[in-house]
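Let me begin by presenting the structure, written as structure tokens, before commenting on it.
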Amino acid sequence: MMIVGSSWLYFVLKKRKLIRLKEKFFEQNGGLILEQQLSRFEGSTETTKIFTEEELKRATNNYNESKIIGQGGFGTVYKGDLPNNRVVAIKKSKTIDQSQIQQFINEVFVLSQINHRNVVKLLGCCLETPVPLLVYEFITNDTLFKHLHHKSNTSVMPWQIRLKIAAETAEALAYLHSEASTPIIHRDVKSTNILLDEKYTAKVSDFGASKLVPLDQTQLATMVQGTLGYLDPEYLLTSQLTEKSDVYSFGVVLVELLTGEEALSFSRSEQERSVAMHFLCSLKEERLFDVLDDHVVEEGNKEQLKEVAELAKSCLRVKGEERPTMKDVAMELAGIRKMETHPWVDFGETLEETEHLLGETSGEHSSSSKTTGYDSMNNHVILGLGDGR
């Protein structure tokens, strides 16, 4: 009886200690502040849920390796299965700056209110762990990067699908810059952070580096953070972050879509290492069609390709003030999409057939993929050149 009693007392004390520890982490991670903010939105169709640690452990089979769908410098992303049969992506970061908890909570709150078809939806978070966990909707068809650059792909992404993805990504960024309740600068726009669903609808993801912009400011002095090959050169030199930094990064994505080449590759010659610089040089020398993806040239409307190339060029201007806004870019791409591939072919029917064919030819490789863009994975750089996180 003494042994049984001692064991029972030990487990009770251990459980209480664990509960206190979870409560400590919850308060430390800003749980009380977030609860107060979310309480204002009670009764809305869907608000951010605060998950318990146990719920997410069960969803990931205690974070089993088989559930990993992405890994990078900032952490690991797991595929989770909730009791209501909803599949989610759970981002487990490595660290968080405790001095930035208030900002983290604000970002979680703002992102939870975003309801745009081309932005990955933040469903909730868990604050009972040393580092908060974020829960996102699960996107089924991998990243734009993989569809463009992985040689194992069994199909080539058609031009009309590429143009559709570009237009939808631009719409999402324009929304973040201009229409969100608090403007948001993504700060890490790249092809690995553009997810695709089964219909090849673009979903902008990974807001781990994002900054909220106070309504009375147009730029922020902050530590340079982003990914090599996509970094705005003006931001790199001055540490002044503006929405035009996202415009530059998006310009690099446009070049990827046009050329089929990675943003930065050390396997290429020094002159061609940066695809954006090589693209601009070729455009200047009137050799545009020499650098475009052969498949794109064969099936694409040449006038359309020229228009998108000129748009990419304007996004890649060295001076941020000379670049268009994302709203202008989105409008321009919407107009380009309306240009007919051939004067005797209906554009809408062509796109529908293209999507259907792409779905048939690529379904095999997309279902077995384990790489997603909920986290920044490759060539990520953080330079301490100013204040900020």
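The values are calculated or read from the model by the stated rules, or taken from the named source; none is laboratory data. Note that this is a predicted model, so its numbers are computed, not measured. Note that we place each Cβ from the backbone using ideal geometry, even for glycine, and neighbour counts take in every protein chain shown. For accessibility, only protein heavy atoms count, side chains too; no ligands or nucleic acids. Shrake-Rupley method; radii C 1.70, N 1.55, O 1.52, S 1.80 Å.
Close amide H contacts of Asp293 (hydrogens built in the peptide plane, cut-off under 5 Å, sequence separation of 5 or more or a different chain): Thr259, Gly260.
A simple count of charges around Phe51, restricted to other residues whose Cβ falls under 11 Å of its Cβ and scoring Lys, Arg +1 and Asp, Glu -1, yields -1.
In nm, to one decimal, how far is the modelled label at Lys49 from the one at Met1, with both set 7 Å along Cα→Cβ? According to this spin-label approximation, the distance is 4.6 nm. Here the peptides 329-338, 167-176, 229-238 are ranked by packing, the mean other Cβ count within 10 Å, and the order with the highest first is 167-176, 229-238, 329-338.
Accessible surface calculations at 1.4 Å, restricted to protein heavy atoms, place segment 286-342 at 56 Å² per residue. Compared with the direct C-alpha span, the chain from Arg268 to Lys302 gains 9.6 nm at full extension, assuming 0.36 nm per residue. Less than 5 angstrom separates the built amide H of Gly124 from those of Lys49, Val135, all sequence-distant by 5 or more or on a different chain. Sequence-ordered 3J(HN,Hα) estimates for segment 140-146 from the Karplus curve with 6.51, -1.76 and 1.60 and θ = phi - 60° stand at 8, 10, 6, 9, 4, 3, 5 Hz, glycine and proline given as x. Distant-in-sequence amide contacts of Gly75, defined by a placed amide H-H separation under 5 Å and a gap of 5 or more residues or a different chain, comprise Lys94. Is there a pair in Lys151/Lys319; Lys94/Lys151; Lys146/Lys319; Lys79/Lys313; Lys67/Lys164; Lys284/Lys327 whose C-alpha atoms are over 29 Å apart, and which pairs would that be? The pairs that break the limit, which is 29 Å between Cα atoms, are Lys151/Lys319; Lys94/Lys151; Lys146/Lys319; Lys79/Lys313; Lys67/Lys164.
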